[in-house]
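This report refers to the structure that appears directly beneath it.
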């Protein structure tokens, strides 16, 4: 048994791969880190630069416009509470991390989903990879992320991106595959090129399903961003982690509440956005 | 030259479809081919022509390959073998760019479940085809508005498809197909998803539209009544994917090519399809310029008739004379037949179905004159002819039985016991 383990050491092989990547593709990871870091800083500046009260007002208006009065009231009270508890800056850090991770996840995930919907082979290859990504414990992503990108917010964003990618790929694929046959036939019968078909028919018809995937991706990203506090991503994850390691119940609880408020806000607003198209379509 | 020529067309689904063709040619049945090769024969050696400006209906039950057939015509489905010539171009071997242009300009399609884009409003759905071919915004809006007007959807331009009823959604589908003014209109069970009342209304409107536009319409249906109503010619597909008969509705009803077609058409109400034009008969006529009472009487006696129609020299119907009036006229010594002609009788156009003639035919004693739009006399139809036509083809066993025969039958059975 010993010898087999020695010959076929899966863990060691993975480690060797990561080491090889560090030695030979460091420039690539540096470049990725630079892009992600720049984007993250930009987003963070948008939320941190204006006075907190103004941001709360804008969030409230957004919630009102998207999903109505109830959520607007919740947003106003919730974010005021965060400000009052003194976690405004951390919450905005977390929000920036989520937005950066989701932005890159969609940038990758939607094209992947389109590709998967167009080619059965692509889908056959992608599916087990997505299964792998979704079921591997979230913490495991942190190790290679740290090794390749060192500590800080960038590996946090990268780990989050990978963790939250599957839903949007899956639902983009599903949405496009579910477009009724007659709509596809109508496109072909009227002489659409495959690009015209994708842009004018398939994506718009699949939009509600894709938006459900985006919503899922955002929620997964939020949960992962908190976990990536362990590798120094900062934000609310830090607060919760401090609460655990220093046994500070008050801090842990306040950090937790802030995360819940942010989560509900993000969920309701993105869900409402994804329903806007659908609502106008279903209205009788 | 015919607009569309289909030559020896085959479509076989499954692995290695070309292998199945020799088997079909040997006459192996559809089921055996399925067993041997795993292939399904959808279209089996179809050959026919579709003329310019006619409504050609392909009719068959589900599984007869009719939907496959219409999709071969714009190559949504690529045929396995054979040729489809449209204006002499074979679309089976056509390259993709040419095919795309053909689909954009020459032919468009109407779908059973409409195939509208749910996120676009009515007018932008109608614009879809024009938008794909890059027509500029103002022009396509204008053309779409015209198409919507044509199908009677003014005022709904900015509604979403989901806000409309099925019949209205299909009007949008029809307007979309008409917007780029194609030569050929492919309609795949276009009215089958609608309820019967709306369906019949849409059929009438299609007939009206066609009378104005003169497109070449290829219409697929599983409903024989629909086929008979709108088709100039009908092709009947059998369950084996083979064309069983091609002909005008009357032709198919009166001369079914085989048992399958006969079975198919036996329940059709013939009186709705057979027209005055087909059953009309010649009748003795008099001409105003040359005939007087004497020749009129001679003519009526010769044919054993008590009436005769009067025409002018270019066969325009002027009226009808009764034998008593002619005798009277002769007694008075006058010669003008027109003075005693009556206009008190029925006329019908040759397109009138005999079911519509029946009421008038029962009521009147004189035959019904069949005339065209210019009042040219074509012939006559009378009660006996209509009844004879309706009687033709009725299964005699299911008709009434003479009572004495009923009694005889009963004694037969009692004796046997």
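When Rg and Dmax are taken over the Cα atoms of the range B:301-340, they come to 10.7, 29 Å. What the Cβ-Cβ distance of residue A:49 and residue B:201 gives, at R0 = 56 Å and to the nearest 0.05, is a FRET efficiency of 0.30. Highest mobility in the GNM of chain A, judged by mean-square fluctuation with C-alpha springs under 10 Å and restricted to A:137, A:167, A:155, is found for A:137.
Peptide B:110-116 shows a mean partner chain C-beta count of 5 within 10 Å per residue C-beta. Counting neighbouring Cβ atoms within 10 Å and putting the fewest first, the residues B:408, B:146 line up as B:408, B:146. Normalised by 2.2 N^0.38 Å, with N the number of residues, the alpha-carbon radius of gyration of the range A:2-282 equals 1.13. Name the residue, out of A:96, A:228, A:117, whose mean-square fluctuation peaks in a Gaussian network model built on chain A with Cα pairs under 10 Å. Residue with maximal mean-square fluctuation among A:96, A:228, A:117: A:117.
Taking only alpha carbon atoms, the range A:56-112 gives an Rg to Rh ratio of 1.10, where Rh is the Kirkwood radius. Over the range B:1-42, the fraction of Cα-Cα pairs per 5 Å bin, rounded to whole percents and listed from the shortest bin up, is 5, 24, 31, 15, 8, 8, 6, 2, 0. Each of B:94, B:213 was scored by other Cβ atoms within 10 Å of its Cβ. Listed from fewest to most, they are B:213, B:94. Along the Cα-to-C-beta direction of residue B:332, a point sits 7 Å from the Cα; which residues of the range B:283-326 have their amide N less than 13 Å from that point? Hits in the range B:283-326 for residue B:332 at 13 Å: B:293, B:325-326.
Within the range B:204-225, what residues put their amide N at less than 18 Å from the label point 7 Å along the Cα-to-Cβ vector of residue B:165? Label zone hits: B:204-206. Modelled label positions at residue A:199 and residue B:288, each set 7 Å beyond Cα in the direction of Cβ, lie 7.0 nm from each other.
Placing one equal scatterer on every Cα of the range B:277-391 and applying the Debye formula, the log10 ratio I(q)/I(0) at q = 0.10, 0.13, 0.22 Å⁻¹ is -0.29, -0.49, -1.21.
Relative to the dominant Cα principal axis of chain B, helix B:137-150 is inclined by about 30°. With Cα atoms as the point set, the radius of gyration and Dmax of the range B:210-251 evaluate to 11.2, 37 Å. Each of B:382, B:223, A:250 has some number of other Cβ atoms within 10 Å of its Cβ, and from fewest to most they run A:250, B:223, B:382.
Structure remark: mean-square fluctuation, Gaussian network model of chain B, C-alpha springs under 10 Å; the largest value among B:185, B:148, B:378 belongs to B:378.
The translational diffusion coefficient of the range A:160-226, from Stokes-Einstein at 25 °C and 0.890 mPa s with a Kirkwood hydrodynamic radius over alpha carbon pairs, comes to 192 µm²/s. Extension gain, residue A:134-residue A:26: 0.36 nm per intervening residue step, less the Cα-Cα distance, totals 36.2 nm. The label point for residue B:139 and the one for residue A:81, both projected 7 Å from the Cα toward the Cβ, are 6.1 nm apart. Computed from Cα positions, the angle between helix B:166-179 and the longest principal axis of chain B comes to roughly 80 degrees. Take residue B:157, project a point 7 Å from its Cα along the Cβ direction, then tell me which residues of the range B:165-183 have their backbone nitrogen under 20 Å from it. Hits in the range B:165-183 for residue B:157 at 20 Å: B:165, B:168-181.
The angle separating the long axis of helix B:96-105 from the principal Cα axis of greatest extent in chain B is about 40 degrees. The C-alpha radius of gyration of the protein assembly as shown, expressed as a fraction of 2.2 N^0.38 Å, stands at 1.46.
Evaluate E = 1/(1 + (r/R0)^6) for residue B:408 and residue B:346, where r is the Cβ-Cβ distance and R0 equals 41 Å; express this FRET efficiency to the nearest 0.05. That pair, residue B:408 with residue B:346, gives E of 0.40.
The label point for residue A:58 and the one for residue B:93, both projected 7 Å from the Cα toward the Cβ, are 6.5 nm apart.
Readers should treat all values here as calculations from the given coordinates under stated rules, not as data from a laboratory. No experiment lies behind these values; they were computed from the predicted model shown. For neighbour counting, all protein chains shown are included, and Cβ atoms are generated from backbone atoms with ideal geometry for every residue, glycine included.
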